[in-house]
Amino acid sequence: GTVEPADAFFQRVMDETVTHISWPSRLKIGAKSKKDPHIRISGKEEGVLAAKSKVMAVLDTRSNRVTMKLDVSYTDHSHIIGRGGLSIKSVMEETGCHIHFPDSNRNNPNEKSNQVSIAGEIEGVERARARVRELTPLIFSFELPVLSSMPDPTAPHILKVQETYGVQVLFRTRPKLHSTLVLVKGCE
């Protein structure tokens, strides 16, 4: 849903509880913040208590926020993120979570990290974890017996398998072993 602007929210709480509330002018409800905002509520005791519980219900979101760390091979990160970040953006929108991939993978060839963080409310994090796992490529491979020639990756039957099952079929020759390795790459 849409987030009510801070001034409208506090005005509504003041009207409902007959209190006066002062809050930081830059406060944005629902925005991530490291520090808790300083909010002052004045009025009769029962009004102040009612206003406090209404304010805490909306602003105290950290109590139900969690961060999950996942181990996902760094070689799969770009596949999961998708072209222009589209795949991961849709997962974040669907689940209301923030998903972070390590930046070191982009520029440091020696220091690769597999750690992916998902932050949000518990149910959303669980859904986001499942979606990240669905987007993670699954690869199985098998050896072909010795062949006189390399299989043609553009052969109609290979293309049909790729199209039907939404997978990539790759061939790797292994001259020392006198064999060809077939890799089938897709998602669960």
| task | Could you pull out the residue among L170, L138, L159, L181 that is within 21 Å of the chain's Cα centre (by Cα), farther than 30 Å from N64 by Cα, surrounded by 11 or more Cβ atoms within 10 Å (Cβ to Cβ) and aliphatic (A, V, I, L, M)? | result | L138
| query | What tally of residues in region 70-95 results from selecting those that are under 9 Å from the mean Cα position of the chain (by Cα) and either outside the structural domain of R127 (by TED's automatic domain parsing) or not in a helix (DSSP H, G or I) (or both)? | reply | 0
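The values are calculated or read from the model by the stated rules, or taken from the named source; none is laboratory data. Computed from a predicted model, the values in this text were never measured in an experiment. Here Cβ is always computed from backbone atoms with ideal geometry, including for glycine, and neighbour counts include all displayed protein chains.
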